[in-house]
Amino acid sequence: MRLLEPVRLGELSLANRVVMAPLTRCRADNPDFAPTEIMQRYYVQRAGAGLIVSEATIISPEGRGYPYTPGIWSDAQVEAWQRVTDAVHAAGGRMVCQLWHCGRLSLPDHHGGEAPLAPSAVNPEIEMFSGGAGLKKTVTPRAMTREEIAATVADFGRAAKNALAAGFDGVEVHSSNGYLIHQFLSPLANRRDDEYGGSIENRARFFFEVLDAVVAEVPAARVGFRLNPMMNRAHGLLVDENTVADFEHLVRGANRYGLAYLHLTEPFMPKQLEGAPGALAEVAPHFRPIAQMPMVANGAFDARKAEAWLEAGWCDAVAFGKPFISNPDLVERFRRGVPLAAWDADTFYQGGERGFVDYPVLGA
Ligand SMILES: Cc1cc2nc3c(=O)[nH]c(=O)nc-3n(C[C@H](O)[C@H](O)[C@H](O)COP(=O)(O)O)c2cc1C
């Protein structure tokens, strides 16, 4: 099975091509926003993955968008993550930290009542988790000043440095799924008229400044980045007729860095592409000839589809999200060809051990 073969993504040596996709699980229920003991157990259970991408991890208090998500800006967080990465390494695993700023995908509840920051004052018009009060409607965010943009770029650099200090094998820049970097890229979210808005060169500027700040702290061959070019609707409108060309520009620009990998998500949500002009039904095959770096594909894959895409040469590894939630021993299940356990969506973000560290392992 190709999925079970080792592979190198830059300086990251993976024992197999099965990547654990980043999965927000909202279990950092402490005032420090630090990873907890059950999170350590959860990741150790999944250390059979060739690479674990951590749940999205906040780079600064301003970047928060959800309750109980961990951060990587403070010493307490670095110390707590060190316990997680030590345990994952002791179990034979590899782990990178996904660096996250939510931008407009947030609520005033997470910012002392203030509007969240974004490239422009454009409300994504969705509902998000506030914590105690359940789902709430998003508000119009406040457009970032240039000083705030520079400070946020620096926050990404500090977070990358902290991730290495915490023992991660590298970092993944979270430039997908409609969060801050993606907001800068899309003209539907970015209406700026300064050097960060307008042309694709300007809209991509923030991404490349972040990448520069990150590779100043972490060797480029240990840095990956994630894109979900066809993400639309669920996290606000983002796709227009130039989106594919915009992402081609981004990937071409990233080629010069010598990065570990490009992580691409396929459209997998119902109605995601409805009314999106020029949308791509298959993302990785389109970008494969453009990207001069290893590629990880993701989005509703099973073992059979993953094998087919590896065989076709459309990617070097495949990331699994929900299957890893309910199958801690996913790699072993692929090896033995046994059926996968179903996931329970009600416990994705619910907190606590149930639906988190209690999914059974084969033979246990
Ligand atoms: C519970 C849950 C949490 C997620 N959290 C993140 C995240 O923190 N960062 C991210 O980039 N994607 C996140 N995603 C998206 C997944 O990484 C993945 O792209 C998606 O689930 C599709 O892959 P799958 O079909 O294998 O689950 C999340 C998805 C789910 C279901």
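The values are calculated or read from the model by the stated rules, or taken from the named source; none is laboratory data. Fair warning: this is a prediction, and the values are worked out from it, not measured in the lab. No Cβ is skipped: glycine too gets one built from the backbone with ideal geometry, and neighbour counts run over all protein chains shown. The protein model used for the area step is the full one, side chains on, heavy atoms only, and it has no ligands, DNA or RNA in it. Shrake-Rupley method; radii C 1.70, N 1.55, O 1.52, S 1.80 Å.
Which of the peptides 46-54, 140-148 is most tightly packed, and how do the rest follow, going by the mean number of other Cβ atoms within 10 Å of each residue? Don't skip to the answer; put the middle values down first.
Numbers: 46-54: 25.3, 140-148: 15.7.
Going from most to least packed, we get 46-54, 140-148.
Leaving out same-chain residues fewer than 8 places away, which aspartates and glutamates sit with a Cα under 12 Å from that of Lys136?
Asp109, Glu125, Glu127
Which of rounded, prolate, oblate describes region 191-304, given a ≥ b ≥ c as roots of the alpha-carbon gyration tensor eigenvalues and a/c under 1.5 marking rounded, otherwise prolate only if a/b is larger than b/c?
Values: a/c = 1.98, a/b = 1.14, b/c = 1.74.
Oblate, because a/c is 1.5 or more while a/b does not exceed b/c.
How much of the accessible area of the chain, in percent, comes from carbon and sulfur atoms when a 1.4 Å probe is used? Before the final figure, lay out the partial values.
Working: 6940 of 13700 Å².
The value for the chain is 51 percent carbon and sulfur by accessible area.
Mind checking which lysines have their Cα closer than 27 Å to the Cα of Lys137? Skip sequence neighbours fewer than 8 apart in that chain.
Lys271, Lys322
Quick one: P(r) of the chain from all Cα-Cα pairs, 10 Å bins, percents rounded to integers, in order of increasing distance.
Going out from 0 Å in 10 Å bins, the chain shows 5, 26, 37, 26, 6, 0 percent.
Per residue, how much accessible surface does region 2-347 expose to a 1.4 Å probe? Answer in Å², no decimals. Display every interim value, and only then the final one.
Working: 12520 Å² over 346 residues.
Computed with neighbouring chains in place, this is 36 Å² per residue.
Determine the dipole magnitude for region 2-347: charges of +1 sit on the beta-carbon of Lys and Arg, -1 on that of Asp and Glu, nothing else is charged, the reference point is the Cα centre, and the result goes in debye to the nearest 20. Don't skip to the end; give the middle numbers.
Values: 34 positive and 41 negative charges, 133 e Å.
Dipole about the Cα centre, nearest 20: 640 debye.
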